[in-house]
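Notes to accompany the following structure.
Computed from the coordinates by the stated procedures, all read-outs in this text should not be read as laboratory data. All figures in this text were calculated on a predicted structure; none of them were measured in a lab. Cβ sites come from the backbone with ideal geometry, for glycine too, and all protein chains shown count toward neighbours.
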Amino acid sequence: MDLHQLWTIVSTPDNVPIVLLLFVVPFYAWYGLRQAFANDRLIAQLEGNPEMAKTHHRKIQPFKAGWTREVHVWPYLLRIEFLAAIIVTVILMVWSITLNAPLEEPSNPTLTMNPSKAPWYFLGLQEMLVYFDPWIAGVVMPSLIIVGLMVIPYIDANPLGNGYYTYKQRKFSILTFIFGFIVLWVSMIVIGTLIRGPGWMWFWPGTTWDHNRLIFEVNRDLPDLFGIAGRAGKIIFGAVVVGAYFLAAAVLIHKLITKTAFNRKIYARMSVLQYVTMQVFLIIMLSLPVKILARQLFRIKYVWVTPWFNI
Amino acid sequence: MPETNGNDGKPAPPAAPAAGNGNGAGNGGKVAAVVAGAKAVKTRAVEEMKGAIKAPEKTDLWKSVLRVKHDETPRSRALGVLSNVFLHLHPAKVNRDAVAYNYTWGMGGMTFYVYITLVFTGTLLMFYYHPSKVVAFRDILYLDSDVPFGKLLRNMHRWGAHLMVIMVELHMFRVFLTGSYKKPREFNWVVGVLLLVLTLLLSFTGYLLPDDQLGFWAVTVGTNMARATPLLGHGGPFGPQMGMTPFNDVRFGLLGGSIVDSNALLRAYIWHCVAIPIIASAFMVVHFWRVRKDGGISGPAPVVLESEIKEPRKI
Ligand code: HEM
């Protein structure tokens with residue numbers, strides 16, 4: 001156990017935000033889901049009791065007959081904003097007084113930093129470089145993440161859960177988002193920051209960063225595993241495998257989308273265009289964990305090898 | 001200077017009702033009248049001052065600045081918000097539950113506040129920073145050691161930037177969990193995604209500016225990805241077939257060269273200090289405007305039951 005190494009990593013000024021992330025993301029996930037479950041209990045109650053559904057104000061917020069429905073922005077909202085501004089200022093001040101922004105040696109193109117890391121919010125993408133070529137990890141995936149986020153409102157055909165926390169009424173979308181945001185995005189950032197060391201090698205927290213460590217990984221291409229030689233053969237084989245993955249993933253996702261009676265009801269509301277868009281983005285999102293597993297379990301480097309690109 | 005003797009150097013007393021005929025007694029009367037006049041003026045001034053201090057809201061100056069009365073009536077409270085350019089993005093009244101912290105977590109508002117502090121500290125930093133390879137690093141050293149409060153300034157800008165990225169992501173998480181992107185707020189979610197991207201780009205372009213090893217290699221790693229852009233990068237699929245070389249592809253366009261050097265520093269500076277802040281501010285204005293126009297904050301709304309789903313409208 002190398003506590004010194006651990007402390008060096010955790011206390012590197014630019015890593016402090018990730019240590020913060022480690023706390024605030026779970027906290028807010030809990031904070032939101034707690035309200036979601038409270039609402040779910042209320043929903044269950046109202047569904048079991050139609051009389052109550054007619055008269056209840058249908059919120060978990062406290063309610064008394066005779067309370068006005070609206071309050072003045074001044075002072076009831078502005079004082080909160082003012083208070084929030086003061087608190088944020090104090091936090092930022094204290095943080096800035098106690099911790100100095102990093103400044104390394106002057107830039108030097110001839111002296112490579114090892115590991116040389118992107119800013120922390122891009123480390124998820126840099127971590128993806130382990131599993132995909134730069135054109136996928138650095139260009140295609142980021143673009144798809146951006147576009148994929150933008151299409152969410154247009155492919156979510158579920159009208160429930162608009163304006164209140166709920167889990168029960170939006171299981172599929174909530175789980176998908178948590179998978180994408182927390183499991184893929186945030187945890188890859190954490191791995192990239194706290195675990196990846198020199199040579200982008202995996203160092204468990206507490207182990208020493210050994211700059212001379214070498215790992216001999218024999219990563220193989222899938223066509224070679226199957227003994228397929230020749231350029232055309234590899235191209236066709238790769239296309240077939242990728243096509244097969246798309247098909248299998250599509251079937252799996254379709255099964256998930258139509259698993260429960262409620263989900264089938266939502267599915268029936270979707271247009272063909274919505275459905276296809278959703279499938280494409282979900283299949284591509286799923287390809288990341290699939291490729292990670294393929295690498296970790298079977299040491300596969302590429303599945304589709306062509307003279308122009310490799311996947 | 002002796003050449004001004006007698007009354008020559010002073011202006012004639014303005015109010016001398018009995019025009020003196022030139023002897024001493026007449027002069028004495030004039031002085032007394034002037035003193036009495038001055039006393040009267042002084043008492044009036046004191047009275048007015050007292051009045052203004054006691055009830056400043058009655059003065060023309062006050063009224064001209066604030067335009068409306070600020071007393072305890074509902075009408076004044078509403079007008080106080082609506083007639084103020086900074087507050088008028090707010091409605092006069094909001095749903096009583098919408099002010100609950102646990103619904104929005106205040107995340108969007110705090111993101112905006114951090115953005116404002118960043119603009120403020122960033123502007124101050126600009127007074128000390130030259131975007132030139134020769135002096136950029138030295139300017140940072142200077143800021144850290146010699147400029148009064150320079151270190152605090154730089155730290156606040158740095159940590160504020162990190163804080164903003166974290167807050168934007170949490171804000172997005174909240175908006176998703178509350179389903180606030182659903183009708184009629186679909187487009188505001190799209191604007192939000194653009195703001196997220198702009199926030200990341202702001203942070204990224206700023207990373208290079210200290211011109212130290214950290215920023216240099218981070219930006220080198222980051223922009224090396226652009227090399228691999230399909231069709232448009234010289235290392236990407238079909239890039240060479242499109243005639244891409246290190247000297248004409250997208251990476252060259254971003255860096256203003258084939259390596260991260262002085263042109264890249266200048267470009268990062270302009271994107272960071274001018275272009276992206278303007279674009280981001282514009283989108284923020286749209287974002288807030290749309291929050292209002294889409295009917296204010298989405299909730300906390302009354303829960304809807306599964307049995308109450310309406311049939312979708314067919315197009
Ligand atoms: C610079 C970044 C951003 C700023 C300053 C900002 C600011 C705000 C503010 C002040 C609100 C009012 C409610 C609240 O405080 O939560 C709001 C609402 C909203 N934001 Fe953002 N936002 C930003 C980024 C985003 C992002 C990244 C998304 C989503 C991808 C987003 C989507 C929305 C939506 C849909 C609403 C309406 C929510 C509702 O009605 O409940 N915003 N934003």
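Miscellaneous remarks
- Qualifying residue in region A:38-55 (condition: of a type in the set (Gly, Ala, Ser), in contact with a Leu (Cβ under 6 Å, 6 or more places away or on another chain) and under 30 Å from B:Asp139 (Cβ atoms)): no
- Filtered residues of region A:148-172 (kept if touching an Asp or Glu at 6+ places or on another chain (Cβ under 8 Å), assigned to a helix (DSSP H, G or I) and more than 8 Å from chain B (Cβ to nearest Cβ)): A:Lys168
- Sole exception among (1) away from the ligand (no atom under 11 Å from the Cβ); (2) closer than 21 Å to B:Ser180 by Cβ; (3) not small (Gly, Ala, Ser) for B:Val291, by number: (1)
- With respect to (1) small (Gly, Ala, Ser); (2) away from the ligand (no atom under 16 Å from the Cβ); (3) at the interface with chain A (Cβ under 7 Å from one of its Cβ atoms), the lone exception for B:Ser132 is condition (3).
- Looking across B:Val81, B:Val46, B:Val68, one residue alone is under 24 Å from the mean Cα position of the chain (by Cα) and either farther than 23 Å from B:Asp294 by Cα or assigned to a helix (DSSP H, G or I) (or both). It is B:Val81.
- When B:Thr123, B:Thr111 are checked against the criterion of being within 30 Å of A:Ile152 (Cα to Cα) and polar (S, T, N, Q), a single residue qualifies: B:Thr111.
- Number of the condition not met by A:Ala232 [criteria: (1) within 16 Å of the ligand (Cβ to nearest atom); (2) away from every other protein chain (no Cβ under 12 Å)]: (1)
- Region B:169-188 residues that are more than 7 Å from chain A (Cβ to nearest Cβ), paired with ones that are of a type in the set (Asp, Glu) (beta carbon under 7 Å, 6 or more apart): B:Pro184/B:Asp294; B:Arg185/B:Asp294; B:Asn188/B:Asp294
- The residue that is nearest to the chain's Cα centre (by Cα), among those in region B:135-180 that are away from the ligand (no atom under 16 Å from the Cβ) and farther than 24 Å from B:Leu265 by Cα, is B:Phe149.
- Residue check, A:Trp95 within 7 Å of chain B (Cβ to nearest Cβ) and either in a helix (DSSP H, G or I) or of a type in the set (A, V, I, L, M, F, W, C) (or both): yes
- Number of positions in region A:242-279 that are without any contact (Cβ under 8 Å) to a residue 40 or more places away in the chain and of a type in the set (A, V, I, L, M): 12
- Restricting attention to region A:258-311, the residues that are farther than 29 Å from A:Met150 by Cβ and among the charged types (D, E, K, R) total 3.
- Per this entry, B:Asn263 is not counted among residues that are surrounded by fewer than 19 Cβ atoms within 10 Å (Cβ to Cβ) and touching a His at 6+ places or on another chain (Cβ under 9 Å).
- Among residues of region B:194-205 being near the ligand (Cβ under 7 Å from one of its atoms) and surrounded by 21 or more Cβ atoms within 10 Å (Cβ to Cβ), the one that is nearest to the other protein chains (Cβ to nearest Cβ) is B:Thr199.
- Inter-residue pairs, beta-carbon under 8 Å, first over 28 Å from A:Tyr76 (Cα atoms) and more than 7 Å from every other protein chain (Cβ to nearest Cβ) and in region B:100-127, second away from the ligand (no atom under 12 Å from the Cβ) and among the charged types (D, E, K, R), 6+ apart: B:Leu125/B:Arg154
- Scanning region B:43-100 for residues that are farther than 28 Å from B:Arg174 by Cβ, in contact with a Phe, Trp or Tyr (Cβ under 6 Å, 6 or more places away or on another chain) and surrounded by 15 or more Cβ atoms within 10 Å (Cβ to Cβ) yields B:Arg77, B:Gly80.
- The selection criterion, being of a type in the set (Phe, Trp, Tyr) and either more than 24 Å from A:Tyr164 (Cα to Cα) or without any contact (Cβ under 8 Å) to a residue 24 or more places away in the chain (or both), holds for A:Phe82.
- The number of residues in region B:206-231 being among the aliphatic types (A, V, I, L, M), crowded, with 23+ Cβ neighbours inside 10 Å and more than 8 Å from chain A (Cβ to nearest Cβ) comes to 2.
- Scanning region B:100-119 for residues that are within 9 Å of the ligand (Cβ to nearest atom) and part of a helix (DSSP H, G or I) yields a count of 11.
- Per the listing A:Ala38, A:Ala44, A:Ala84, A:Ala65, the residue uniquely in a loop (DSSP other than H, G, I, E, B) and small (Gly, Ala, Ser) is A:Ala65.
- For A:Leu194: the one exception among (1) farther than 23 Å from B:Val303 by Cβ; (2) in contact (Cβ under 8 Å) with a residue 24 or more places away in the chain; (3) under 12 Å from the mean Cα position of the chain (by Cα): (3)
- Within region A:40-60, the residues that satisfy the criterion of being surrounded by fewer than 17 Cβ atoms within 10 Å (Cβ to Cβ) and at the interface with chain B (Cβ under 7 Å from one of its Cβ atoms) are A:Glu47, A:His57.
- Residue among A:Ile182, A:Ile191 that alone is among the aliphatic types (A, V, I, L, M), touching an Asp or Glu at 6+ places or on another chain (Cβ under 7 Å) and surrounded by 12 or more Cβ atoms within 10 Å (Cβ to Cβ): A:Ile191
- Residues of region B:208-230 that turn out to be free of Cβ contacts under 8 Å to residues at least 12 places away in the same chain and closer than 19 Å to A:Val140 by Cα, as a count: 4
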